[in-house]
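Below is one structure, written out as structure tokens; comments come after it.
The values are calculated or read from the model by the stated rules, or taken from the named source; none is laboratory data. This structure is a prediction, so every number in the text was calculated from the model and none was measured. Ideal geometry is used to build each Cβ from the backbone, glycine not excepted, and the neighbour counts take in all protein chains shown. Just the protein is used for accessible areas: all its heavy atoms, side chains included, with ligands, DNA and RNA removed. Shrake-Rupley method; radii C 1.70, N 1.55, O 1.52, S 1.80 Å.
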Amino acid sequence: GGTGAAASGRLLIEDNNSGGSGGGIGVAGVLVFGNAPPLTLRNLTLRQNLAAGSGGGAYVFLNGSGVADPVIVTDVEFTANEAGFSGGGLYLATPRSGSESSAQRLSFRDNVAGELGGAIYHMGGTPLRHVSSTRNVAGLEGDSVYIVETSIFVAQMATPRIEFFTTHDEGQSAIVLGRATEIHASAL
């Protein structure tokens with residue numbers, strides 16, 4: 001757990017089953033020291049992974065102690081993953097993420113969450129850029145994305161930013177914004 005880990009280079013992570021969180025990939029940790037290398041998930045396909053908890057495809061939960069947790073998630077395809085709780089495709093909890101963090105060029109299709117965020121459960125300020133979301137389902141709210149209102153981990157989280165986000169063929173609550181969010185150049 002923690003930053004400095006990397007999974008990249010045309011990897012296929014498929015048909016895995018977790019009794020907890022993180023069906024395909026699970027990363028949880030606390031960043032204690034500043035200037036750590038980023039957690040990097042790049043050039044991956046996560047397909048048909050199952051988590052009894054959260055994060056069917058990937059579960060990323062990092063919490064810093066006064067400094068940012070750098071996270072880079074780029075060029076990743078999430079297809080037909082399932083989570084018993086939240087984040088059918090991606091559970092992204094980085095409450096103190098700074099400007100060097102990014103989640104971009106992501107594709108979500110046919111992911112399922114038992115509760116919140118069929119495609120993405122998002123807590124923190126990591127921006128979402130160039131994301132497509134098609135036919136994802138959440139049992140309660142946010143078939144495409146669910147942005148958390150508050151966190152017990154951080155008194156005031158950074159404002160999330162969504163750019164070039166497209167949703168298609170999703171339910172009545174495709175996007176649920178729990179707090180102020182900047183949305184630009186998107187088709188919802």
*asked:* Just checking: which of the strands (runs of 3 or more DSSP E) contained wholly in region 1-65 hold 1 or more residues that are modelled with pLDDT of 95 or more, within 19 Å of G89 (Cβ to Cβ) and among the small types (G, A, S)?
replied: 58-64
*Which residues, counting only those in region 100-116, are among the small types (G, A, S) and under 13 Å from the mean Cα position of the chain (by Cα)?*
S101, S102, A103, S107, A113
*Would you check which residues across region 82-122 are part of a strand (DSSP E or B) and open to solvent by 10 Å² or more (accessible area, probe 1.4 Å) and list them?*
E82, Y91, S102, Q104, R105, S107, R109, V112, L116, Y121
*Single match in T159, T79, T150 (criterion: modelled with pLDDT of 95 or more and either within 24 Å of N16 (Cα to Cα) or surrounded by fewer than 20 Cβ atoms within 10 Å (Cβ to Cβ) (or both))*: T79
